[in-house]
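Let me begin by presenting the structure, written as C-alpha cells, before commenting on it.
Nothing in this text is a laboratory measurement; each read-out follows from the coordinates by a stated rule. What you see is a predicted model; the values in this text were computed from it and never measured. No Cβ is skipped: glycine too gets one built from the backbone with ideal geometry, and neighbour counts run over all protein chains shown.
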Amino acid sequence: MCETVFLELCLMRCTIFFPFCRFGADVMEIVASWTKNLCIGISQSHLPNHVDNANNLSAGEPEKELSNWSVLDVGTGNGLLLQEFAKQGFSDLTGTDYSEGAIDLARSLADRAEFTNIKFSVDDILDTKLDKKFKLVIDKGTLDAIGLHPDGPLKRSMYWDSISSLVASGGLLVITSCNSTKDELIQEVEAFNHRSGASPESDTAVDQAFQYVDHVQSYPTFTFGGSAGSRVATVAFLRN
Ligand SMILES: C[S@@+](CC[C@H](N)C(=O)[O-])C[C@H]1O[C@@H](n2cnc3c(N)ncnc32)[C@H](O)[C@@H]1O
C-alpha cells in the first residue's frame, strides 16, 4: 500500500476512535517541549512544581543533559512525536509499535525528514521483547487504544506490568490521553502501585512503583455539568 494512503488510513482511524480530540501537531509540540523542561529540571535536581512556563530551565547545557535521556515511544504510530522530541534536542530515540505498517511508515517519514538516528522496531507492549530500560517512556494515545479492546481492563493491567519493566529507576513515564483525565490516570497508577505491593497509605516515592510528578496545564479547558476539564491530559510519573 502506498505510504500516503496508509498515513491517511491511520489518521482516519484516529479520528474515528477519538472524534472529540484535538490530538495533532500542536499537542505534540506541547508534549515535547513540556517534557524537555521536566527532564532538564530533573537532571538539574530540582523537580519543578509546574513546568509550563519554565523557559529558564534550558539555561546551562540542555543538549548535554538531554543526551542522557534514552527515550522510548510506545505505540509510536507515524513516529512524528519522536521527530518533535528530536527537534527539542533529545538524541537517543526509539519508537515501537505492534503494527509493522506503522513502523515502516514511521521509518520512512523519519528518513525523509533526515532524522536518521531514530530507531524503530515492531514490538507489542503487552508482550514486549525489549530487554533494556529507558530513562523516559512516552505514550500518546496507545493506552487509549489498548483500552478500546473488548478486554480493556485486563489489557490495561497488562500494559502497566509491562511499562513498569521498561522505565528505568528514577526515570519518567509521560502519558498523553484524550480518553482519560489527569485524575483518572493518577487513579490508575495508584491502583497499579497497590497491586504491585505498595502501601496505599504511603505517599513516599520509595514505596510506590510510580509517583505523580506533574501534568500539562496549558491545554484549553471546557466546563461540563459544573466540572472543568481538558480534552487532552498529559501526566508525568516518576519510576521508583
Ligand atoms: C491512537 S494511535 C497513536 C499513535 C501515535 N502515538 C500518535 O500519537 O500519533 C495508537 C497506536 O498504538 C499502537 N498500538 C496499539 N496497541 C498496541 C500494542 N499492544 N503494542 C504496541 N503498539 C500498540 C497502534 O498501532 C497505534 O499506532
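A few points about this structure:
- As a proxy for reagent exposure, ranking Phe210, Phe222 by other Cβ atoms within 10 Å from fewest up yields Phe222, Phe210.
- Rough spin-label spacing in nm, given labels placed 7 Å along Cα→Cβ, for Phe224 and Asp124: 3.3 nm
- Eligible lysines near Lys119 by straight Cα distance, threshold 18 Å, same-chain separation 8 or greater: Lys87, Lys129, Lys132, Lys133, Lys135, Lys140
- Among the GluC sites (Glu not before Pro) in the stretch 115-223, those located in a DSSP loop and surrounded by at most 13 other Cβ atoms within 10 Å of their own Cβ are Glu201.
- Here's how it looks for Val167: its modeled amide H is under 5 Å from those of Phe134, which are all 5 or more places away or on a different chain.
- Taking each residue as 0.36 nm, the span from Gln44 to Ser165 lengthens on full extension beyond its C-alpha to C-alpha distance by 41.1 nm.
- Of the GluC sites (Glu not before Pro) in the stretch 84-154, those whose Cβ has at most 10 other Cβ within 10 Å and which sit in DSSP loop: Glu114
- Taken along the Cα-to-beta-carbon direction at a fixed 7 Å, the label points for Tyr212 and Glu29 span 2.9 nm.
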